[in-house]
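I have a structure I would like to understand better, so I am pasting it below and will then ask my questions one at a time.
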Amino acid sequence: MTIFVFVGSLLVAMAMGIPIAFSLLASGVALMWHLDLFDAQILAQNVIGGADSFPLLAVPFFMLAGEIMNVGGLSKRIVDFALAVVGHVKGGLGYVTIMAGCLLSALSGSAVADAAALTALLLPMMVKAGHDKARAGGLIAATGVIGPVIPPSIGLVIFGVAANVSISKLFLAAIVPGLLIGGALWITWAWLVRREKIVPPPRKSGAEIFTAFRKALWALMLPVIILVGLRMGVFTPTEAAVVAAAYALFVSIVVYRELSWKDLYAVFVGAAKTSAIVMFLIAAAMVSAWLITVADLPSKVVGLLQPFMGNQILLMFAIMVLVMVVGTAMDMTPTILILTPVLMPIVKAAGIDPVYFGVLFIINNSIGLVTPPVGTVLNVVAGVGKISMDDVTRGVVPFMIAEFAVMFLMVLFPWLVTGPARLFHG
């Protein structure tokens with residue numbers, strides 16, 4: 001009955017069109033009434049305490065870094081470098097999209113920011129070259145999914161805070177899985193474009209490639225600085241976010257000179273608005289997280305998953321399927337905040353490495369950003385690229401299947417995640 005009250009009230013509120021943050025508060029109030037624990041003071045304390053977290057400071061700073069990169073020319077130079085390296089091969093613009101997406105993922109950590117930048121820069125070029133607009137849009141949307149996986153990742157930060165798992169370990173463990181997803185998209189694109197009659201642009205000379213690399217070098221140094229700093233213990237993930245924002249600001253204003261001082265206000269306001277939405281969502285979800293613990297919902301879910309508890313792989317399969325289903329109807333951040341306090345006790349009871357689970361959990365939630373009917377990234381690509389939602393959905397299907405295939409491959413072979421994680425983290 002407790003699970004029904006919580007889930008039912010949440011779904012009813014969402015169906016009424018209430019924003020997800022307020023829906024979470026409504027479901028929390030409903031659960032408090034059901035448990036005879038309603039107290040406005042407890043409600044307020046949990047909302048305030050939910051956002052009062054030092055690690056969560058990484059979220060607004062990474063979002064600010066992403067805004068600065070898109071406006072300040074870092075994203076454009078990344079794309080130009082990828083275009084110089086692989087733009088000349090058959091279907092080269094698709095490979096440019098994937099390569100640029102992986103590089104941008106190491107800069108911003110936001111699927112929405114990466115997808116918007118790639119759509120604005122590359123979709124017109126791909127259509128002009130003769131590629132099917134739906135397929136091109138689908139590839140860009142699927143590539144944007146890598147954003148929350150390859151560090152720095154806002155999703156991993158939120159999960160790390162909610163699950164009390166080391167964010168640094170999550171960052172380092174997610175590098176190889178993110179690149180594997182990029183490899184799967186590369187293979188899928190190669191298979192889809194093998195019969196296309198598109199004449200690629202001429203190969204760039206060595207001098208032109210070097211020039212593109214030199215122009216992009218300042219942007220390419222950012223992920224190196226962040227990852228080396230985390231690995232060497234120079235700064236925490238929160239401090240890394242501040243470094244990313246400050247570095248991007250310096251490069252945009254002083255080096256590339258594409259961001260003027262008068263543009264800063266709009267950049268900061270844009271980042272503040274996005275951050276406010278995410279932070280309020282996190283704060284509202286903390287009410288539900290506290291009540292989930294009080295109501296002992298994890299033990300009830302353990303009862304439902306009891307047949308799988310003896311086999312870690314089967315249990316992970318069951319959990320991943322559950323998250324896939326939820327991801328079709330709910331955005332990434334609320335899914336993380338709602339399911340993490342429910343699933344983590346189960347994961348720990350089964351002896352599954354929390355870092356390994358966290359990486360797969362975030363990958364699954366990231367792919368959920370391109371699964372209809374919600375598909376936040378699909379909406380971004382459709383809006384920025386002026387393409388219908390139906391066409392983007394049709395175009396993303398083969399790439400989405402490839403990403404799910406990689407995810408379930410990691411379920412079958414956990415060392416694909418745990419092996420590189422031990423290598424990077426020592």
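The values are calculated or read from the model by the stated rules, or taken from the named source; none is laboratory data. These numbers were taken from a predicted model, which means no experiment stands behind them. As a convention, Cβ positions derive from the backbone with ideal geometry for all residues, glycine included, and neighbour counts pool all protein chains shown.
So which residues in region 233-251 are assigned to a helix (DSSP H, G or I) and without any contact (Cβ under 8 Å) to a residue 24 or more places away in the chain?
Selection gives E239, V243, A246, F250.
Would you check if there is a residue in region 328-335 being among the β-branched types (V, I, T), closer than 20 Å to K169 by Cβ and in the same structural domain as V149 (by TED's automatic domain parsing)?
no
List every residue pair whose Cβ atoms lie under 9 Å apart, where the two residues are 6 or more positions apart in sequence or sit on different chains, the first residue falls within region 25-38 and is among the β-branched types (V, I, T), and the second residue, located anywhere, is in a loop (DSSP other than H, G, I, E, B).
Partner pairs satisfying both residue conditions: V29/F38.
Further, regarding this structure: Collect the residues in region 372-395 that are more than 23 Å from H131 (Cβ to Cβ) and either touching a Ser or Thr at 6+ places or on another chain (Cβ under 9 Å) or surrounded by 23 or more Cβ atoms within 10 Å (Cβ to Cβ) (or both), keeping them in residue-number order.
P373, V374
Regarding I387, is this residue under 20 Å from the mean Cα position of the chain (by Cα), of a type in the set (A, V, I, L, M) and either farther than 22 Å from A113 by Cα or modelled with pLDDT under 95 (or both)?
Criteria not met by I387.
Does any residue of region 54-74 turn out to be modelled with pLDDT of 75 or more and not in a helix (DSSP H, G or I)?
Yes, there is a match, as at least one residue in region 54-74 is modelled with pLDDT of 75 or more and not in a helix (DSSP H, G or I).
Can you tell me which residue in region 127-166 is modelled with the highest pLDDT, limited to those that are among the β-branched types (V, I, T) and surrounded by fewer than 24 Cβ atoms within 10 Å (Cβ to Cβ)?
V165
A further question on this structure: Checking V224 against (1) touching a residue at least 40 places away in the same chain (Cβ under 8 Å); (2) in a helix (DSSP H, G or I), which test does it fail?
All conditions are met except number (1).
Name the single residue, out of those in region 381-392 being touching a residue at least 60 places away in the same chain (Cβ under 8 Å) and either part of a helix (DSSP H, G or I) or aromatic (F, W, Y) (or both), that is nearest to T371 (Cα to Cα).
This residue is V392.
Follow-up. Here are some residues: L360, L378. Which one is closer than 24 Å to L304 by Cα and assigned by TED's automatic domain parsing to the domain that holds L121?
One residue alone meets the criteria, L360.
If a residue has to be of a type outside the set (K, R) and more than 15 Å from E67 (Cβ to Cβ) to count, how many in region 223-249 make the cut?
So the count comes out to 18.
Just give me the residues in region 174-221 being out of contact with any His (no Cβ under 9 Å at 6 or more places or on another chain) and either in a loop (DSSP other than H, G, I, E, B) or at positive phi (or both), in sequence order.
A174, R194, R195, K197, V199, S205
Every residue in region 128-143 that is in a helix (DSSP H, G or I) and either under 13 Å from W189 (Cα atoms) or in contact (Cβ under 8 Å) with a residue 40 or more places away in the chain (or both), please.
Within region 128-143, A129, K133, A134, R135, A136, G137, G138, L139, I140, A141, A142, T143 meet the criteria.
I'd like the residue in region 43-53 that is touching a residue at least 40 places away in the same chain (Cβ under 8 Å) and part of a helix (DSSP H, G or I) and, out of all such residues, is surrounded by the fewest Cβ atoms within 10 Å (Cβ to Cβ).
The residue in question is I48.
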